[in-house]
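> Take a look at this one; I'll ask things after.
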Amino acid sequence: MKKTVDETKKYPLLPLRDVIVFPHMVIPLFVGREKSINALDEAMKNDRFILLVTQKDAAVSEPEQNDIYEIGTLCEVLQMLKLPNGTIKVLVEGISRAYIENFSDTKDSFYAQIKLIDKNVDKPDNFEELKSGLLEIFEKYLTISNKIPKEALTTVKNIEEISHFTDVIASHISMRLDLKQILIETGDPYERVKLLKDFISGEIEILDIEKKIHGKVRKQMEKTQKDYYLNEQIKIIRKELGSDDGLDEIEELTKSIEDNKLSKEAKTKAVKEIKRLEKMPPMSAESSVVRNYIEWLRDIPWNFKTKDNRDIDFAESVLNKDHYGLEEAKERVLEFIAVRHLSKKVKGPIICFVGPPGVGKTSLGRSVARALGRKFVRISLGGVRDEAEIRGHRRTYVGSMPGKIIQAMKKAGTVNPVILLDEIDKMSTDFRGDPSSALLEVLDPEQNNTFVDHFIEIPYDLSEVLFITTANVQHNIPVPLQDRMEIIEITSYTEFEKLNIANQYLIPKQIKENGISNGNILFSDSILFYIIRHYTRESGVRNLERTIGKICRKTACEVVKSGENHVVELTKEKIHSFLGPIKFKYGETEKTSEIGLANGLAWTAVGGDVMQIEASLIKGKGSLMLTGKLGEVMQESAQAAFTYVKSNIDIFNIDENITKEYDVHLHVPEGAIPKDGPSAGITMAVVIASLLSKIPVKYDVAMTGEITLRGKVLPIGGLKEKILAAHRAKIKHIIIPDDNVKDLEKIPDNIKSEISVHPVTKMNEVLFLSLEKPEVLFKNSDNTDKFNDHISTGKQTVDTDKITENI
């Protein structure tokens, strides 16, 4: 029997969280709040009616009137069961929509006086059309959704009453709570039909999207499961065949890639190559290439760096301990450390040490690394003629590998090592490319942060690297490469510097290496000077170290034969027995002034040298003949000197017939050694003028300078090495171009105190300084008086200290 609702009566109210109950809907609920349980008890005592209203915010545990909607559903309690945990399970059926007209909150529960809002309206003319339209869209929803049983469609079709029809459909649709509340608050059933169609259409669109996503996810999961299944089968098959090492290796590579901190690009590339490797037979040639590539990616440092030592005092002590002199190079390293101390981000400088062999360029690079606390790697570029040596080979080639730069980074194990590019002036070019051009990117701080090796194929950052290059000759380095480097010249050592280096470094090192003690051998300074002068001729100390090593080995033999307390006191006779007869004659030049013979000064890759130039007259037609394996520049310089003398024959006391009837044969010993350069120009002019005028050239004068056709003296290079060579040969007077006076700063004071340097600007000055009787050469006595006022003939002494002060 259907119960009637008394709208004048107050019914118990139960707030719901996250659920809405529609009329004609039977639903179980679990009730746990005290007021809600009391409301249920009150309903069961009376007519079992209870008003269910949804909360606006489910998080509110003790709601008040403002926390619930004004419209809910009046329901009948069908069943109630108390559970052991104190909650109540209740089965309710929706009766009708109800509006709260009067709300009361007692201590025990909520009550509400209600007004039913469901409307009984006449069927419109298009009722069947509305119903069939809603049924059609509901059927489409059922087809997509798997949460509603198919029987629900049959149930809905059999409902004739429109309000009942809409509420049953609404109760089956999964939609947002606020949309369901709109349906509860809509009393007109035909209006609800329109709303339902719109709401269900929106839900269908959402379900379509979800279905597509679920389909893609399912396919991916199926593929993953399939791959896993097949891989497991392959593992078992390989294990049965005894060839499962490849899989273990792949797992090991994958783990090592994950553990190492690779760059984003490197990690992506490595993972891609590992996937390729998994699909290849382990014994195939391609798999070994891919495996090698992955190992290179793994082993190259991408982020790890050593901490720089910024203690400038420690760095200075290390540099001074390892090397004697080389002040300019040491100062540059200390400047770098100081800037690094003040600024965290400093681009690695590109430093180039230029100097003759054996002066300590390579070992200085190693000391720089030790002073900074960085790793050190040396790359020899001597004889490199293939661009791939720098940039690496592409992986398409058999036996391909990265270039020397990436190999050095792997060897260092850090992103900020000191890399020494040794003998950068010895590179060459052929059909395989130009390695010096490849170095342009490496040695450019603006570009080397994205250096790409052909083998690695992804950008690598070299900006943290401190590059140091070494060279013997600067002009052999391509100009664009020079432009990227900071050139620091390391000049030849003087005898006194060699003496100090031998005492402080070479002798202790060779004594230790050859197993003898300091008491077994006694080196005196005089003996060391004797060895330096007669058994070595070099700019550096490499041959000196070998010679000292040989003496120590000879001493070791005597110590073994005579006992550990045996002492070898080195004398000249002992040196002869150890090293044989002297190899070089020290300080020997001509002791008399001769016609057609002058001392020139030359620069060589191993330091300076005194070069005697001689000339003779032979019957001929007044031409110039050159011998001595002279280079093109030196031949042109000789021709300019010859032309200068002949063009000034009206000024000089030279018989004009000699220049027409005789040829001049100019020879530069030693004939087997190639010679080139313009710096012997004034020497050849003096030799030719001496030969044609028959005036001897002073034996104790040496000279260097380029000559022009008008008799101007132009500056030259390598002045320090040339002056040291002259000093070594005991030459007291040295003629240099006036523009080279500034270079005298580099000459040690003890050398300058023992020589006289004569700066000149014109060839006339050279002739007056170098010839025994220069006044005889000139026809006009006014010229002689003019130069005598400026030069004390044969006695000219220039105060080199004063010159230095005026620079």
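The values are calculated or read from the model by the stated rules, or taken from the named source; none is laboratory data. All values reported here derive from a predicted model rather than from experimental measurement. So basically every Cβ, Gly included, is an ideal-geometry build from the backbone, and we count neighbours across all protein chains shown. These area figures cover heavy atoms from the full protein model, side chains too; ligands, DNA and RNA do not enter into them. Shrake-Rupley method; radii C 1.70, N 1.55, O 1.52, S 1.80 Å.
> Of all residues in the stretch 445-494, which are charged (D, E, K, R) and open to solvent by 20 Å² or more (accessible area, probe 1.4 Å)?
Matches in the stretch 445-494: 446, 457, 461, 464, 483, 484, 486, 489.
> Something else now. Go through the stretch 61-82 and give me each residue that's open to solvent by 50 Å² or more (accessible area, probe 1.4 Å), without any contact (Cβ under 8 Å) to a residue 40 or more places away in the chain and under 17 Å from residue 40 (Cα atoms).
62, 79, 81, 82, listed by residue number.
> Do you know which of the residues in the stretch 554-563 that are over 19 Å from residue 581 (Cβ atoms) and free of Cβ contacts under 8 Å to residues at least 40 places away in the same chain is most open to solvent (accessible area, probe 1.4 Å)?
We begin by selecting, within the stretch 554-563, every residue over 19 Å from residue 581 (Cβ atoms); these are 555-563.
After this cut, where a residue has to be free of Cβ contacts under 8 Å to residues at least 40 places away in the same chain as well, the list is 557-558, 560-563.
Numbers: 557: 75, 558: 46, 560: 126, 561: 175, 562: 78, 563: 26 Å².
Once the filter is applied, the top-ranked residue is 561.
> So for the stretch 669-682 (the condition being without any contact (Cβ under 8 Å) to a residue 60 or more places away in the chain, assigned to a helix (DSSP H, G or I) and out of contact with any strand residue (DSSP E or B) (no Cβ under 7 Å at 6 or more places or on another chain)), does at least one residue qualify? Working first, answer last.
First, the residues of the stretch 669-682 that are without any contact (Cβ under 8 Å) to a residue 60 or more places away in the chain: 669-674, 676, 678, 681.
Filter once more, keeping what is assigned to a helix (DSSP H, G or I): 681.
Still in the list and also out of contact with any strand residue (DSSP E or B) (no Cβ under 7 Å at 6 or more places or on another chain): none.
So far as the stretch 669-682 goes, no, none of its residues is without any contact (Cβ under 8 Å) to a residue 60 or more places away in the chain, assigned to a helix (DSSP H, G or I) and out of contact with any strand residue (DSSP E or B) (no Cβ under 7 Å at 6 or more places or on another chain).
> Follow-up question, since we're still on this one. Quick one: what pairs do we get from the stretch 175-197, first residue over 17 Å from residue 25 (Cβ atoms), second open to solvent by 10 Å² or more (accessible area, probe 1.4 Å), C-beta under 6 Å, 6+ apart or different chains?
Filtered contacts from the stretch 175-197: 188/119; 193/130; 197/137.
> Say whether the condition of being under 22 Å from residue 69 (Cα atoms), touching a residue at least 24 places away in the same chain (Cβ under 8 Å) and either open to solvent by 80 Å² or more (accessible area, probe 1.4 Å) or not in a helix (DSSP H, G or I) (or both) is met by at least one residue in the stretch 164-174.
For the stretch 164-174, residues under 22 Å from residue 69 (Cα atoms), touching a residue at least 24 places away in the same chain (Cβ under 8 Å) and either open to solvent by 80 Å² or more (accessible area, probe 1.4 Å) or not in a helix (DSSP H, G or I) (or both): present.
> Scan the stretch 492-515 residue by residue and report those that are β-branched (Val, Ile, Thr) and out of contact with any strand residue (DSSP E or B) (no Cβ under 9 Å at 6 or more places or on another chain).
494, 501
> Test each condition in (1) surrounded by 17 or more Cβ atoms within 10 Å (Cβ to Cβ); (2) modelled with pLDDT of 80 or more; (3) outside any loop (DSSP other than H, G, I, E, B) for residue 253 and report the one that comes out false.
Every condition holds for residue 253 apart from (2).
> Going by the structure shown, is residue 618 open to solvent by less than 60 Å² (accessible area, probe 1.4 Å) and not in a helix (DSSP H, G or I)?
no
> Oh, and also: Of the residues that make up the stretch 645-660, is at least one in contact (Cβ under 8 Å) with a residue 24 or more places away in the chain, farther than 28 Å from residue 730 by Cα, touching a Lys or Arg at 6+ places or on another chain (Cβ under 8 Å) and assigned to a helix (DSSP H, G or I)?
yes
> Shifting gears a bit: Could you please find all residues in the stretch 742-758 being under 42 Å from the mean Cα position of the chain (by Cα) and open to solvent by 10 Å² or more (accessible area, probe 1.4 Å)?
742, 743, 745, 746, 748
> Can you find, within the stretch 197-228, the residue that is surrounded by the most Cβ atoms within 10 Å (Cβ to Cβ) among those that are of a type in the set (Val, Ile, Thr) and touching a Phe, Trp or Tyr at 6+ places or on another chain (Cβ under 7 Å)?
200
> Out of (1) more than 23 Å from residue 95 (Cβ to Cβ); (2) modelled with pLDDT under 80; (3) open to solvent by less than 60 Å² (accessible area, probe 1.4 Å), what's the single condition that is false for residue 133?
That leaves (2) as the condition not met.
> If you don't mind, another one. Among (1) part of a loop (DSSP other than H, G, I, E, B); (2) out of contact with any Lys or Arg (no Cβ under 9 Å at 6 or more places or on another chain), which single condition is residue 740 missing?
(1)
> Being assigned to a loop (DSSP other than H, G, I, E, B) and surrounded by 13 or more Cβ atoms within 10 Å (Cβ to Cβ) is the filter here, so list the residues in the stretch 257-300 that pass it.
Residues satisfying the conditions are 260, 262, 263, 280, 282, 300.
> List pairs: first residue in the stretch 508-537 and touching a residue at least 40 places away in the same chain (Cβ under 8 Å), second residue part of a loop (DSSP other than H, G, I, E, B) and aromatic (Phe, Trp, Tyr) anywhere in the structure, Cβ distance under 8 angstrom, at least six positions apart or on different chains.
What qualifies is 533/584; 533/586; 534/584; 534/586; 535/584; 536/584; 537/584.
> Do the conditions hold for residue 734, that is, is it at pLDDT below 90, closer than 21 Å to residue 495 by Cβ and β-branched (Val, Ile, Thr)?
No: the conditions fail for residue 734.
> Also, I was wondering about something else. Within the stretch 696-729, can you find the residues that are of a type in the set (Lys, Arg) and over 25 Å from residue 355 (Cβ atoms)?
Within the stretch 696-729, 698, 710, 712 meet the criteria.
> With respect to residue 633, determine if the residue is farther than 21 Å from residue 776 by Cα, surrounded by fewer than 19 Cβ atoms within 10 Å (Cβ to Cβ) and in contact (Cβ under 8 Å) with a residue 12 or more places away in the chain. Steps first, please.
Details: farther than 21 Å from residue 776 by Cα: yes; surrounded by fewer than 19 Cβ atoms within 10 Å (Cβ to Cβ): yes; in contact (Cβ under 8 Å) with a residue 12 or more places away in the chain: yes.
In short, yes.
> Follow-up question, since we're still on this one. Could you run through the stretch 506-524 and say how many residues are open to solvent by 50 Å² or more (accessible area, probe 1.4 Å) and either in contact with a Cys (Cβ under 8 Å, 6 or more places away or on another chain) or of a type in the set (A, V, I, L, M) (or both)?
Within the stretch 506-524, residues that are open to solvent by 50 Å² or more (accessible area, probe 1.4 Å) and either in contact with a Cys (Cβ under 8 Å, 6 or more places away or on another chain) or of a type in the set (A, V, I, L, M) (or both) number 2.
> Please tell me if residue 507 is of a type in the set (Val, Ile, Thr) and under 26 Å from residue 327 (Cβ atoms). Write out each step before concluding.
On the way: of a type in the set (Val, Ile, Thr): yes; under 26 Å from residue 327 (Cβ atoms): yes.
Yes; evaluated as a whole, the condition is true for this residue.
> How about the stretch 455-472: which of its residues are farther than 24 Å from residue 369 by Cα, touching an Asp or Glu at 6+ places or on another chain (Cβ under 9 Å) and in a loop (DSSP other than H, G, I, E, B)?
Correct list: 458 only.
> Which of the residues spanning the stretch 401-423 are aliphatic (A, V, I, L, M) and touching a residue at least 40 places away in the same chain (Cβ under 8 Å)?
401, 405, 406, 409, 412, 415, 418, 419, 420, 421
> If I ask for residues that are under 60 Å from the mean Cα position of the chain (by Cα) and open to solvent by 70 Å² or more (accessible area, probe 1.4 Å), which ones from the stretch 32-60 would you list?
If the condition is that a residue be under 60 Å from the mean Cα position of the chain (by Cα) and open to solvent by 70 Å² or more (accessible area, probe 1.4 Å), then 57, 59 are the ones that fit.
> If you don't mind, there's one more thing I want to ask. Taking the stretch 585-610 as the search range and keeping residues that are part of a strand (DSSP E or B) and at pLDDT below 85, which one is nearest to residue 543 (Cα to Cα)?
Looking at residues that are part of a strand (DSSP E or B) and at pLDDT below 85, I get 607.
> Could you run through the stretch 382-430 and say how many residues are at pLDDT 85 or above, within 25 Å of residue 359 (Cα to Cα) and of a type in the set (A, V, I, L, M)?
Final tally of qualifying residues: 6.
> Which one is farthest from residue 53 (Cα to Cα), of the residues in the stretch 97-130 that are at pLDDT below 75 and of a type in the set (S, T, N, Q)?
Ranking the qualifying residues of the stretch 97-130, first place goes to 126.
> Then there's this: Of the conditions (1) open to solvent by 10 Å² or more (accessible area, probe 1.4 Å); (2) part of a strand (DSSP E or B), residue 503 clears all except one; give me its number.
Unmet condition: (2).
> Is it the case that some residue within the stretch 541-550 is assigned to a loop (DSSP other than H, G, I, E, B), open to solvent by 10 Å² or more (accessible area, probe 1.4 Å) and under 21 Å from residue 728 (Cβ atoms)?
Filtering the stretch 541-550 for residues assigned to a loop (DSSP other than H, G, I, E, B) gives 541.
Keeping just the survivors that are open to solvent by 10 Å² or more (accessible area, probe 1.4 Å) gives 541.
When the remaining residues are screened for being under 21 Å from residue 728 (Cβ atoms), the result is 541.
The answer is yes; a qualifying residue exists.
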